[in-house]
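*Asks:* What follows is a single structure, and I will ask about it in a moment.
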Amino acid sequence: MQSKLVGLIKDILTTLIIVGVIAGGGYLLTGTWPFMVAVQSGSMEPNLHIGDVVFLVSPEKKEIVTYLEGKENGYKKFGDYGDVIVYRPNGDSSRTPIIHRAITFVHKGEKIGSYVAENDGYLTKGDNNPVMDQPLLSKPVKKEWIVGVAVFKIPYIGYFRLLFS
């Protein structure tokens, strides 16, 4: 009985160490936490699907290329021009982060159509959405509200995580 208990404790400690090494290594490599997220909605279809796991890097480690810049220089990520970012709407950590494409960077007071930017930041939009996120979901996204820049995905393995959300 005691040898089984010792074996169980060793297994638990080994698992905790492995998880700690993966989490710590992921943070050191990417500069952000969390460094991977599961896509929860269809707003980025057809380029990102519900259940895809997306790996992120800090915006400090990767310059964000907007849709307009990408269209100019041919840079594409996840099937369209520009980078996809994960951000906290209005910097509010109690709200679910949003994963959408950075369309352009605006300055406070700049007019885009009928919208006047309330602050400097990125205008964002889901690839499957008819309108931009601003002003309905968030003000223009400040750099400090960005959790990370999406760099690659693993299709559908995030479904398991979503089952427990």
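*Asks:* Which ones in region 28-46 are modelled with pLDDT of 95 or more and closer than 19 Å to Val141 by Cβ? Let's see the steps before the verdict.
*Replies:* Let us first name the residues in region 28-46 that are modelled with pLDDT of 95 or more, namely 43-46.
Answer for region 28-46, where residues must be modelled with pLDDT of 95 or more and closer than 19 Å to Val141 by Cβ: Ser43, Met44.
*Asks:* Continuing with this model, one more query. Assigned by the TED database to the domain that holds Leu48, at pLDDT below 95 and of a type in the set (D, E, K, R): which single residue out of Lys111, Lys76 fits that description? Give the steps one after another, and end with the answer.
*Replies:* Details: Lys76 fails: at pLDDT below 95.
When all the criteria are applied, what remains is Lys111.
*Asks:* Out of (1) farther than 24 Å from Lys139 by Cβ; (2) free of Cβ contacts under 8 Å to residues at least 60 places away in the same chain; (3) surrounded by fewer than 18 Cβ atoms within 10 Å (Cβ to Cβ), what's the single condition that is false for Arg95?
*Replies:* Of (1) farther than 24 Å from Lys139 by Cβ; (2) free of Cβ contacts under 8 Å to residues at least 60 places away in the same chain; (3) surrounded by fewer than 18 Cβ atoms within 10 Å (Cβ to Cβ), only one is false for Arg95: (1).
*Asks:* In region 116-128, which residues are over 17 Å from the mean Cα position of the chain (by Cα) and open to solvent by less than 50 Å² (accessible area, probe 1.4 Å)? Talk me through it step by step, then tell me what you get.
*Replies:* Residues of region 116-128 that are over 17 Å from the mean Cα position of the chain (by Cα), as a first pass: 116-120.
Of everything in region 116-128, those that are over 17 Å from the mean Cα position of the chain (by Cα) and open to solvent by less than 50 Å² (accessible area, probe 1.4 Å) turn out to be Ala117, Asn119.
*Asks:* Part of a loop (DSSP other than H, G, I, E, B) and either touching a residue at least 24 places away in the same chain (Cβ under 8 Å) or within 16 Å of Met44 (Cβ to Cβ) (or both), is that true of Pro135?
*Replies:* Values: part of a loop (DSSP other than H, G, I, E, B): yes; either touching a residue at least 24 places away in the same chain (Cβ under 8 Å) or within 16 Å of Met44 (Cβ to Cβ) (or both): no.
Spelling it out, it is not the case that Pro135 is part of a loop (DSSP other than H, G, I, E, B) and either touching a residue at least 24 places away in the same chain (Cβ under 8 Å) or within 16 Å of Met44 (Cβ to Cβ) (or both).
*Asks:* Among the hydrophobic types (A, V, I, L, M, F, W, C) and either surrounded by fewer than 14 Cβ atoms within 10 Å (Cβ to Cβ) or under 13 Å from the mean Cα position of the chain (by Cα) (or both): does that describe Phe105? Even if it seems obvious, please write down each step before you answer.
*Replies:* Numbers: among the hydrophobic types (A, V, I, L, M, F, W, C): yes; either surrounded by fewer than 14 Cβ atoms within 10 Å (Cβ to Cβ) or under 13 Å from the mean Cα position of the chain (by Cα) (or both): no.
Taking the combined requirement at face value, the residue does not satisfy it.
*Asks:* Could you please find all residues in region 70-102 being aliphatic (A, V, I, L, M) and over 16 Å from the mean Cα position of the chain (by Cα)?
*Replies:* Pass one, region 70-102, residues aliphatic (A, V, I, L, M): 84-86, 98-99, 102.
Passing the criteria: none in range.
*Asks:* For the subset of region 129-149 comprising residues that are farther than 14 Å from Pro89 by Cβ and touching a strand residue (DSSP E or B) at 6+ places or on another chain (Cβ under 6 Å), which member is surrounded by the most Cβ atoms within 10 Å (Cβ to Cβ)?
*Replies:* That would be Gly148.
*Asks:* Taking region 78-92 as the region of interest, how many residues are crowded, with 17+ Cβ neighbours inside 10 Å and farther than 18 Å from Met132 by Cβ? First the steps, then the outcome.
*Replies:* Pass one, region 78-92, residues crowded, with 17+ Cβ neighbours inside 10 Å: 78, 81-89.
Subsequent filtering for residues that are farther than 18 Å from Met132 by Cβ retains none.
So the answer is 0.
*Asks:* Could we say that Lys77 is among the charged types (D, E, K, R) and in contact with a Gly (Cβ under 7 Å, 6 or more places away or on another chain) here? Let's see the steps before the verdict.
*Replies:* On the way: among the charged types (D, E, K, R): yes; in contact with a Gly (Cβ under 7 Å, 6 or more places away or on another chain): no.
Considered against the rule, which asks whether it is among the charged types (D, E, K, R) and in contact with a Gly (Cβ under 7 Å, 6 or more places away or on another chain), Lys77 comes out as no.
The values are calculated or read from the model by the stated rules, or taken from the named source; none is laboratory data. Worth saying up front: this structure is predicted, and the values here are computed from it rather than measured. With ideal geometry, Cβ positions are generated from the backbone for all residues, glycine too; neighbour counts draw on all protein chains shown. When the accessible area is computed, the model is the full protein with side chains, heavy atoms only, and any ligands, DNA or RNA have been set aside. Shrake-Rupley method; radii C 1.70, N 1.55, O 1.52, S 1.80 Å.
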